[in-house]
1. Limited to region 12-71, what total is found for residues that are within 26 Å of Y499 (Cα to Cα) and among the charged types (D, E, K, R)?
2. Assigned to a helix (DSSP H, G or I), touching a residue at least 24 places away in the same chain (Cβ under 8 Å) and not polar (S, T, N, Q): does that describe G447?
3. Here is a list: T247, T307, T292. Which entry is polar (S, T, N, Q), at pLDDT 95 or above and open to solvent by 10 Å² or more (accessible area, probe 1.4 Å)?
4. If you scan region 518-546, which residues turn out to be loosely packed, with under 15 Cβ neighbours inside 10 Å and within 27 Å of the chain's Cα centre (by Cα)?
5. Just give me the residues in region 373-413 being on the phi > 0 side of the Ramachandran plot and open to solvent by less than 20 Å² (accessible area, probe 1.4 Å), in sequence order.
6. For region 311-324: of the residues being in contact with a His (Cβ under 9 Å, 6 or more places away or on another chain) and outside any strand (DSSP E or B), which is farthest from Q149 (Cα to Cα)?
7. Among what's in region 11-43 and is touching a helix residue (DSSP H, G or I) at 6+ places or on another chain (Cβ under 6 Å) and of a type in the set (A, V, I, L, M), pick the residue that is surrounded by the fewest Cβ atoms within 10 Å (Cβ to Cβ).
8. Which residues, taken from region 44-79, are open to solvent by 10 Å² or more (accessible area, probe 1.4 Å), acidic (D, E), closer than 21 Å to H124 by Cβ and in contact (Cβ under 8 Å) with a residue 12 or more places away in the chain?
Amino acid sequence: MKQTYVIGVDYGSDSVRAVIVEALTGRQISQGTADYPRWKKGWYTHPEEMIFRQHPLDYLEALEKSIKEALAELPESVKGRIVGISVAATGSTPAPVNREGTPLALLDGFRENENAMFYLWKDHSAVLEAIELNHIFSAGTEIDYTKYQGTYSAEWYWAKILHGIRKDPAVREAAYTWVEHCDWIVGVLCGNRNPETLLRSACAAGHKALWHSEWNGLPERACLEMADPYLCKIAERYKATPKAGGTAAGPLTTEWCEKLGLLSGVMVSAGSFDAHAGAVGAGIRPKTLVCTLGTSAADMLIAKPETLEGADITNYCGQAENSIVDGYIGIETGQAAFGDTFAWFRELLLWPVRQFKSSLYEDEDGRHSLCDELERHLFSALEEAAEALPWNLFPVSSDWFNGRRYPDADDFQKAAINGLILGTTAPEIYRSLVLGTLCGLKRIIDGLEASGLEIEQIAAIGGISKKSGYIMQTMADLLEKKVAILDTDQTCALGAAIYAAVGAGEYEDVETAMRHMAAKKIREYVPQKENALRYLEYYKEYCKMAE
């Protein structure tokens, strides 16, 4: 079999990663990374208002830069054998577009209008709209449209649209419809941005827009117009049936081939959400929970439809047809803050250094080096100290620093640290944040298992899985399950590459492609019984506080 290559692209919250992968083996031969230039400067974000917007130019510029970097050192013989490309992106991250599918922020009159940009997944400005929509979707008509997703979230498609058009009449007037980031980028690459024929991802459609075969598509007009008749227009213009990852969308445009220095004929495949692609990159299979541990935690399972009959799991996860792997129900759960919680604590501890660094060093280089050194070593020092602590139940932390995603989604929830005394130290607080975050995961897993789903092991991906042995061992102990660590740092991009290989015809389906291309286990954390018993005591206190 002739060796061919595919490109997998992973749009994260802060940057884009592109990998070039051997289609035959899944071996990564090069990669490129590009930050979003405007986002890096802090533009269009207002954390105090839960507003996080991203400019479409950031996406386009970073895409080109990251792929070019990945291609730069490769010989022409390799570039000539690249056959496919696919992208994974954060979600739900929609933007208002015009009739041609151009985001409004690329048009005169809207270029600096935050309401005309992409609403990043963690934008929670639509909290009130989510509450309203949850009532309408669950009880507004005879159909309960939330039955497969649970409580409708401020992070999701319809809530963000409703908030955007209420906040900005000019956007309402100009927007023909709204499209997800993962779908728009696919349209850009293959030259079809027409909102009515644009290939729509099954992941985005099912998990965020409430598409389901049971009601033949999106929620019905009578339901949507209870919130705003404008939403009916969005549904009318959402004409394409969603497609699973690995579906061919069309060849890469001549323009993009020339930009990247690729030959014609490269196939673009359907987009996906980053964590869903990560599950594919991890070689997901039934009874394995893939935990993507990034700024938030997105946890994935797959199951055949018949295994879910009669199972009531809506408080603990969302379900969508053909998401993650075609032919399966994709199950998505997780926590709205994971790494973000530890980043918050780091910034809390570094506040005095950042505040007074100008008076500590006369030269700018000295000021920067001080902060850089502390940032590099802070977590390792905290973890070393936390591991050496004598066992003590308190303090106990909850994990709702960005609201509660599951179980029982509630964007208004706030976090708490209980049991502080004057003798509490920074390492003790750090340990409580780690345990509290992992208790949130255990509460989800316990609910799924109580509903009849089997989870035999965990596969952990994302930066934290490689960087923190302390968190990973604590996860294994607390969950009382083995936790596998995989041999790639770019699991989501690898999953996108697997989708690309299927779309390009290198494999007949995603399951076959995963057997050849998915990441391999390089380490496994095994539960330690003594710690498991201690953490069970902690978990009981966590559950009391959570209730």
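The values are calculated or read from the model by the stated rules, or taken from the named source; none is laboratory data. For clarity, every value in this text was computed on a predicted model and none was experimentally measured. Cβ coordinates were reconstructed from backbone atoms using ideal geometry, including for glycine residues, and neighbour counts include every protein chain displayed. What goes into the accessible areas is simple: the full protein's heavy atoms, side chains included, and nothing from ligands, DNA or RNA. Shrake-Rupley method; radii C 1.70, N 1.55, O 1.52, S 1.80 Å.
1. 11
2. It is true that G447 is assigned to a helix (DSSP H, G or I), touching a residue at least 24 places away in the same chain (Cβ under 8 Å) and not polar (S, T, N, Q).
3. Criteria check complete, one pass: T247.
4. Hits for region 518-546 are K520, K521, I522, R523, E524, V526, C543.
5. Residue satisfying the conditions is G403 alone.
6. Checking each candidate, the answer is I324.
7. Looking at the filtered set, the residue picked out is A34.
8. E49
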